[in-house]
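Enquirer: Dumping the structure here so I can ask a few things about it.
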Amino acid sequence: MDLSGIPVTTLQGEQTTFGALTDGKAALVVNVASRCGLSGQYETLEELHKRYADRGFTVIGFPSNQFLQELSDSEKIAEYCSSTWGVTFPMTEKVKVNGRNAHPLYKELTQTPDAEGKTGRISWNFEKFVVAPDGRVTRFSPRTQPDAPEVVAAIEDALPR
C-alpha cells in the first residue's frame, strides 16, 4: 500500500504528505481524542516514540472528533497533549476517520483487516495501524495497549533494516 503521497495537514497548519511525515520510517498511526477514556494511551505512545525513534520509527497522532471526545481546536489539542502527556510526536489537524468525508489516509488504512479479519470503519478512538516503510500495514483495536507484545512485534518487524 503506497500512502506516501497522501496529503496531511499538521496540527500547526503545515501542508505536507504522509511520506514527508514518516520520511522512510516505520509509523504507528493512531486516531486520538483528548477526552476519551483511553487517552492514557498517550503516555505509552510517547514512550514508544522515544524508545524507537533512533531506529527509524515515529508515532503520528490524528485527532478526531468523530466520537465526540476531542477538543474544539488545534491550539487546545496541542496544549493538552503537551502539558498533560508530554507528547513530542507529530500530530495532524482534526480529521474524520469514518464515512464519506474520512481523511484519505483512513480510507486506505481501514482496508486493512485487524486480528479478527475485520476491515472497514474505525470502531473507536485509539485504533492503531503500524505502517512499515514498504507499505505493509498491521491493524490493532483501540483497547489493545500501544505496548502490547503484538504491537511491539509489529513495530520491530516494520523498522527499517
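The values are calculated or read from the model by the stated rules, or taken from the named source; none is laboratory data. If you're wondering where the values come from, they're calculated on a predicted model, not measured in any experiment. Quick reminder, even Gly has a Cβ in these numbers, built from the backbone with ideal geometry, and neighbours come from all protein chains shown.
Enquirer: Would you mind finding the one in S39, S34 that is touching a helix residue (DSSP H, G or I) at 6+ places or on another chain (Cβ under 7 Å) and part of a loop (DSSP other than H, G, I, E, B)?
Expert: So the residue among S39, S34 that is touching a helix residue (DSSP H, G or I) at 6+ places or on another chain (Cβ under 7 Å) and part of a loop (DSSP other than H, G, I, E, B) is S34.
Enquirer: Oh, and also: Go through (1) of a type in the set (G, A, S); (2) surrounded by fewer than 15 Cβ atoms within 10 Å (Cβ to Cβ); (3) touching a strand residue (DSSP E or B) at 6+ places or on another chain (Cβ under 9 Å) for A132 and report which single condition fails.
Expert: Condition not satisfied by A132: (2).
Enquirer: Which residues, counting only those in segment 79-118, are within 15 Å of the chain's Cα centre (by Cα), farther than 18 Å from V59 by Cα and free of Cβ contacts under 8 Å to residues at least 24 places away in the same chain?
Expert: If the condition is that a residue be within 15 Å of the chain's Cα centre (by Cα), farther than 18 Å from V59 by Cα and free of Cβ contacts under 8 Å to residues at least 24 places away in the same chain, then A102, K107 are the ones that fit.
Enquirer: Taking V8 as meeting all but one of (1) part of a loop (DSSP other than H, G, I, E, B); (2) touching a helix residue (DSSP H, G or I) at 6+ places or on another chain (Cβ under 7 Å); (3) aliphatic (A, V, I, L, M), write down the number of the exception.
Expert: (1)
Enquirer: For segment 97-113, what are the residues that are in a loop (DSSP other than H, G, I, E, B) and either among the aliphatic types (A, V, I, L, M) or surrounded by 18 or more Cβ atoms within 10 Å (Cβ to Cβ) (or both)? First the steps, then the outcome.
Expert: Looking only at segment 97-113, we keep the residues that are in a loop (DSSP other than H, G, I, E, B), and these are 97-103, 110-113.
Result: V97, N98, A102, H103, T110.
Enquirer: Here's a follow-up. Being at pLDDT below 95 and closer than 25 Å to L3 by Cα narrows it down to one residue among S82, S74; which is it?
Expert: Values: S82 fails: closer than 25 Å to L3 by Cα.
After applying the criteria, what remains is S74.
Enquirer: Spot the failing condition for L68; the list is (1) at pLDDT below 95; (2) surrounded by 13 or more Cβ atoms within 10 Å (Cβ to Cβ); (3) of a type in the set (A, V, I, L, M), and only one is missed.
Expert: Failed condition: (2).
Enquirer: Residue by residue through segment 35-65, note down the ones that are surrounded by fewer than 18 Cβ atoms within 10 Å (Cβ to Cβ), among the small types (G, A, S) and either under 22 Å from S141 (Cα atoms) or touching a residue at least 12 places away in the same chain (Cβ under 8 Å) (or both).
Expert: G37, G40, G56
Enquirer: So in segment 3-21, with the set limited to residues that are in contact (Cβ under 8 Å) with a residue 24 or more places away in the chain and of a type in the set (A, V, I, L, M, F, W, C), which one is nearest to S82 (Cα to Cα)?
Expert: Filtering first and then ranking leaves L11.
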